[in-house]
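First the structure, in the form of structure tokens, and then the observations on it.
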Amino acid sequence: MTDACAQGVDTGFVALGYAKVAFLGVIQGITELMPISSTAHMRVVPALLGWRDPGSAFSAAMQLAALAAVISYFWADVSRLAGQSVVALGRRRFNDPSLRLVVWIGLATTPIAIAGLVLSPVLNRCGSPMRGLGVIGWACIGMAILLAIAELGARHRRSIADVTLIDALIVGVAQVGALIPGVSRSGSTLTAALGLGFKREEAARFSFLLGLPAIALAGFKEIWELHKAHLDAHGWSVLVVGLVVASISAFVAIWGLMRILERFSAWPFVVYRGLLGVGLLVGLSMGWLT
């Protein structure tokens with residue numbers, strides 16, 4: 001496929017080739033699950049290296065790498081929730097805590113599913129203004145401020161066992177912000193969970209579990225869009241390389257995030273996001289970035 005914009009789907013990643021996509025896969029995997037926005041880095045890193053934008057299709061499809069990493073890392077939680085929910089349904093124990101949490105996670109996914117469908121023509125089209133570096137810069141700064149406020153006011157008392165339907169819906173609504181490049185899905189949900197009084201590591205755990213349906217929907221939807229755009233065998237092979245590399249780096253990223261939150265706080269991410277946002281805006285104003 002020579003045209004990087006096939007049927008409205010940006011397939012710019014194909015032209016980058018295996019080595020560059022593998023490198024971006026490492027960046028994508030690390031930043032996808034850290035609260036620092038993978039979309040921002042998928043625009044900034046290629047821009048700094050003089051590479052073309054890999055496109056929103058690449059970022060969305062890479063969600064499957066994040067999905068594999070989250071399920072692998074939190075396998076004990078995922079298998080317990082799935083197994084106990086099936087048993088509870090079979091025995092008609094509708095008040096079972098695991099089944100209740102699974103249902104709440106499903107309901108909390110509704111806002112981003114609806115918003116994603118509505119905004120998809122704008123967010124995923126070739127040359128979307130939402131992928132502009134200015135938008136990403138301001139989004140990084142905005143989320144840095146919100147995360148700082150959440151960290152300052154957080155009580156760090158609650159665990160995932162204390163989750164209520166209202167908690168799930170609030171975090172689910174916050175997850176909609178992830179549709180804006182630069183916001184970060186993990187950043188928006190982690191911020192909301194901290195604001196609700198969860199311990200840092202429990203907030204991250206809740207954030208990842210709640211995000212599983214949204215990550216899966218986004219990833220498989222984009223795979224289907226690439227299929228409809230008739231991505232050729234070479235394009236699929238390039239994408240697979242990125243997915244494999246991103247899966248490994250995403251798993252490492254979860255491990256690193258949990259260690260940072262357990263031993264320190266979310267402040268390193270606040271500082272990083274703020275500096276990234278300011279750097280982008282300064283770079284644009286000075287003409288260093290376009």
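The numbers here are math on the coordinates, done by the rules we state, and not lab data. Keep in mind the model is a prediction, meaning the values are calculated, not measured. Cβ: placed from backbone, ideal geometry, glycine included. Neighbour counts: every protein chain shown.
Structural remarks
- Within the chain, helices built from complete DSSP H runs that reach 24 Å or longer along their own axis (Cα positions) and carry a mean Kyte-Doolittle hydropathy of -1.0 or higher are 13-33, 97-123, 133-153, 200-228, 233-263, 267-285.
- PHE220/SER159 FRET efficiency (R0 30 Å; Cβ-Cβ; nearest 0.05): 0.45
- Around TRP51: net Lys/Arg minus Asp/Glu count, Cβ-Cβ under 15 Å: +2
- Per-residue Cβ neighbour counts within 10 Å put VAL103, VAL118 in the sequence VAL118, VAL103, beginning with the fewest.
- With both labels modelled 7 Å from their Cα along Cα-to-Cβ, the LEU117 to VAL282 distance reads 4.4 nm.
- Taken as Cα centroids, the range 169-225 and the range 240-283 sit 14 Å apart, rounded to the nearest whole angstrom.
- Summary value for the chain: 34 percent relative contact order, contacts being C-alpha pairs under 8 angstrom separated by 6+ residues.
- Modelled label positions at GLU262 and ILE166, each set 7 Å beyond Cα in the direction of Cβ, lie 3.2 nm from each other.
- Which labelled figure in [x] 42; [y] 51; [z] 56 is percent of Cα pairs over 26 Å apart, once derived from the coordinates: [x]
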